[in-house]
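Down below is the structure, laid out as structure tokens.
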Amino acid sequence: MQGQTLEAILLRDTALSRDQLELAQRESEQRGCTVADVIKEDGLLSEEELLRAMAAHLAVEYVAIVDPDDVDGELVAHVPINYAKTHLLLPLHRGEDALRLLMADPSAVFAIDDIRTIFDAEVSPVLATRDLVLETINKVYAKHTSAVDLEENDDFQGDSEELADIIDATDEAPIIRWVNSLIFQAVKERASDIHIEPRERDVVVRYRIDGVLYEARKANRNYASSIAARVKIMAGLNIAEKRLPQDGRIRRRIAGKDIDMRVATAPTARGERITIRLLDKSAVLLNLGEIGLAPDQLMALNELIHRPHGILLVTGPTGSGKTTTLYGALSSINNADKNILTIEDPVEYQLEGISQTQVNAKIDLTFAGGLRSFLRHDPDVIMVGEIRDHETAEIAIQASLTGHLVFSTVHTNDAAGAITRLIEMDVEPFLVASSLIGMVAQRLVRKVCPDCMTLRPPTEADLLGLGLTRQQFNALGERDFGLRDERRPRPPAGMAYVSEGCANCLNTGYAGRLGIYELLVMSDEVRALVLKHTDTTTIKRLAVEQGMRTLRADGVQKIVSGMTTIEEVMRVTQEDSR
């Protein structure tokens, strides 16, 4: 049953004037459409304002937020995703009297009739904006839709699909579906990498989830070449070349997420192996406060990145989150009064307002070459993807000494090791001492799953590995380090979380990752040791005496704050037990 007239509600509850309404009424007669259509097309009101008014007119519900977890998956299974997106609707759940149907267009009466017929139930419309309906559809179908049904999802179709006719369609149709489902499942399970490896009897697919490899599925050995060909077609690679490694890229929109995939192939004795790295643009963290830094570390790092010149190095192995930290630092200082340039290999995420250049060895565009060119563009801040040779290190140091702030990475096990690494590149110690302002070593640890975590006190072996007595561990548990996670309450002093494994975390016991950090700020005493060619261990010992927290010590803070487990910190900080 409808409430007041739409016109009365618009005049009462919105900023629409009577003159605008009368004009819209005249326009609707001339165009042969409704007043609401004219208001929407002419932009007289926002979509939300108009829908709220229509909801009041039709005496139906309007919502601004929808929790995908509250949607009934059994209902979703009866509505193809293409239909849901075309008609901008989604069944939410079945009540006693009617089925609640999320909609962006209340005039879609034929679609309502379809849903009524499918479920044999009365329909109660729930209005929401177009963007919210689409976002909810993407999230809900990503959660409830079986991967093998993905070929119905038009989000997966991309600009490389026209290349599929290179291979006979009859033979390849199952392979297309299989590869599509492989990628979809990887995105659904938050994998960062897909490894497709031909073996003697089969083809094994493994996902890297939160830094750990898991076997995902297997295929018959006879399909190895077809799978490789399909992936290479998607990445725009030469399917005839099987003797040389190739690199390519796939761009897709999957379940509402923009996914960039870097594809690398390599010939092996049993055929081509393929590695696909997935970069979820919507998941990248560009806020230093969200990557796991403790409040004292965040304050110190913020002070370093706001200095006018010097070199800040982030260290750690591949996959330890160095790029995310650098992007977070750049985002923190990115404003209109700074000219920021980066040279990367590759450019993983594009940052608004920052000029980013990708290394290209084929045309001799190296880190050193790009860095040298940048100095002619009047930069304030320069980011170099990696310092890996003397030339790059020398130019970076000269840039810092001439008034530029330089961010970069090196591959060392700890923060103090970055100093030794630069000296090993034949950089003079006095240049290292005068240009470096700080080093950040980091690792990524998996966060304990909040749905299956349990408490237990650490064993003697745990305490020995952490280098702590039970009294020291208990005392740390009573301190507040300013680390908070709403889903993981702080455990009682003397206790730590243990991961059990459940369906929500794919039986791994973990869900998501965060960083642990070792921040070494260059002091006068550390600079004096550098000038004396002092070894890394001595420099690290002095830094600890001056208040630096080692990777393992920072990991312990994350343990007693309830974010991760003892086993996880021990796994990633084995080198830092000294």
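Of the residues making up region 235-255, those that are open to solvent by less than 70 Å² (accessible area, probe 1.4 Å) and closer than 20 Å to V205 by Cβ are A235, L237, I239, Q246, G248, I250, R252, I254, A255. Among the residues here, K232 does not qualify as closer than 21 Å to D202 by Cα and surrounded by fewer than 18 Cβ atoms within 10 Å (Cβ to Cβ). Based on what the data block shows, is Q442 under 22 Å from Y517 (Cβ atoms) and without any contact (Cβ under 8 Å) to a residue 12 or more places away in the chain? No; evaluated as a whole, the condition is false for this residue. Counting only residues that are over 35 Å from the mean Cα position of the chain (by Cα) and open to solvent by less than 60 Å² (accessible area, probe 1.4 Å), which one in region 523-536 is nearest to V427 (Cα to Cα)? Looking at the filtered set, the residue picked out is V530. Yes or no: I343 crowded, with 18+ Cβ neighbours inside 10 Å, among the aliphatic types (A, V, I, L, M) and touching a helix residue (DSSP H, G or I) at 6+ places or on another chain (Cβ under 8 Å)? Yes.
The listed residues are L506, L514, and the only one of them that is within 25 Å of the chain's Cα centre (by Cα) and either open to solvent by less than 20 Å² (accessible area, probe 1.4 Å) or within 23 Å of G547 (Cβ to Cβ) (or both) turns out to be L514.
The set of residues from region 51-69 being touching a Lys or Arg at 6+ places or on another chain (Cβ under 6 Å) and assigned to a helix (DSSP H, G or I) comprises just one member, P68. Being within 24 Å of T536 (Cβ to Cβ) and open to solvent by 10 Å² or more (accessible area, probe 1.4 Å) is a property that E424 has. Starting from residues that are at pLDDT below 90 and among the hydroxyl-bearing types (S, T, Y), keep the ones in region 346-372 and report whichever is surrounded by the fewest Cβ atoms within 10 Å (Cβ to Cβ). Among residues in region 346-372 that are at pLDDT below 90 and among the hydroxyl-bearing types (S, T, Y), the one surrounded by the fewest Cβ atoms within 10 Å (Cβ to Cβ) is Y349. Taken over region 205-237, the residue count meeting the criterion of being within 30 Å of G321 (Cβ to Cβ) and outside any loop (DSSP other than H, G, I, E, B) is 14. Against the test of being modelled with pLDDT of 80 or more, at negative phi and of a type outside the set (V, I, T), the options D37, D19, D113, D120 yield a single qualifying residue, D113.
A Cβ distance below 7 Å, combined with a sequence gap of six or more or placement on separate chains, defines the contacts here; from region 527-556, residues that are closer than 22 Å to L476 by Cα reach residues that are open to solvent by 50 Å² or more (accessible area, probe 1.4 Å) and not charged (D, E, K, R) in the pairs T550/V544; R552/S577. Being in a helix (DSSP H, G or I) and either at negative phi or open to solvent by less than 40 Å² (accessible area, probe 1.4 Å) (or both) is not true of A415. In region 70-125, of all residues being assigned to a helix (DSSP H, G or I), touching a helix residue (DSSP H, G or I) at 6+ places or on another chain (Cβ under 9 Å) and polar (S, T, N, Q), the one that is least open to solvent (accessible area, probe 1.4 Å) corresponds to N82.
Close Cβ contacts (under 7 Å, 6 or more residues apart or on different chains) running from residues in region 266-281 that are free of Cβ contacts under 8 Å to residues at least 24 places away in the same chain to residues that are assigned to a strand (DSSP E or B) comprise A266/E272; A266/R273.
The condition of being more than 43 Å from the chain's Cα centre (by Cα), farther than 15 Å from L102 by Cβ and surrounded by 16 or more Cβ atoms within 10 Å (Cβ to Cβ) holds for only one of L16, L50, L21, that being L21. Within region 24-41, the set of residues being within 44 Å of the chain's Cα centre (by Cα), of a type outside the set (V, I, T) and part of a helix (DSSP H, G or I) comprises A36, D37, K40, E41.
The single residue among R199, R217, R206 that is out of contact with any strand residue (DSSP E or B) (no Cβ under 6 Å at 6 or more places or on another chain) and open to solvent by 40 Å² or more (accessible area, probe 1.4 Å) turns out to be R199. In the set (1) under 20 Å from A294 (Cα atoms); (2) among the charged types (D, E, K, R); (3) crowded, with 19+ Cβ neighbours inside 10 Å, R479 fails one condition alone, (3). Regarding E394, is this residue of a type outside the set (A, V, I, L, M, F, W, C), in contact (Cβ under 8 Å) with a residue 24 or more places away in the chain and part of a helix (DSSP H, G or I)? When the stated conditions are applied, E394 passes them. Among the residues of region 238-253, which ones are more than 20 Å from R270 (Cα to Cα) and not in a strand (DSSP E or B)? Scanning region 238-253 gives no hits.
Of the numbered criteria (1) open to solvent by less than 10 Å² (accessible area, probe 1.4 Å); (2) modelled with pLDDT of 95 or more, the one E568 fails is (2).
Within region 432-467, the set of residues being polar (S, T, N, Q) and either open to solvent by 10 Å² or more (accessible area, probe 1.4 Å) or not in a strand (DSSP E or B) (or both) comprises S434, S435, T454, T459.
The values are calculated or read from the model by the stated rules, or taken from the named source; none is laboratory data. Source: prediction; values computed, not measured. No Cβ is skipped: glycine too gets one built from the backbone with ideal geometry, and neighbour counts run over all protein chains shown. Note: areas computed on protein heavy atoms with side chains; ligands, DNA, RNA excluded. Shrake-Rupley method; radii C 1.70, N 1.55, O 1.52, S 1.80 Å.
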